[in-house]
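As structure tokens, the structure follows; a few thoughts come after it.
Since every read-out is calculated from the coordinates, none of them should be taken as a lab result. Treat the numbers as computed from the prediction; the structure is a model and nothing was measured. Cβ atoms come from the backbone with ideal geometry, glycine included; neighbour counts cover every protein chain shown.
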Amino acid sequence: MGVLKFLVWTACAVGLGVFLARGNVDGRSPLEHIERTWKRTVNPSSMDKVKDGLEDALDDARKVVSQKSANPAQPRERITAEDRAAINDIIAKKK
């Protein structure tokens, strides 16, 4: 039953996509109507501002990542001198 339901929904989605691309409403396809409406209602300058802001943020992020990879930080030493001496003693006893 699940496969049949999947096939029906897939066929409906494909049919809707074909209608949006090729259907004819007032001499234009529904997709063309949507595009015209989008271009009239959305302020292109605000969209360009958002796009430019994202590109600037991406460039800044790339700069930061390239700086960190060029100068990798040395790992911090977490072993104390006493711990190191104890480990050296254990290694010496095994030999």
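Going by the conditions given, is Thr37 surrounded by 10 or more Cβ atoms within 10 Å (Cβ to Cβ) and without any contact (Cβ under 8 Å) to a residue 60 or more places away in the chain?
So Thr37 fits the description; yes.
Do any helices (runs of 4 or more DSSP H) lying entirely in segment 1-90 carry at least 1 residues that are within 23 Å of the chain's Cα centre (by Cα), on the phi < 0 side of the Ramachandran plot and of a type in the set (S, T, N, Q), and which ones are they?
Hits in segment 1-90: 44-70.
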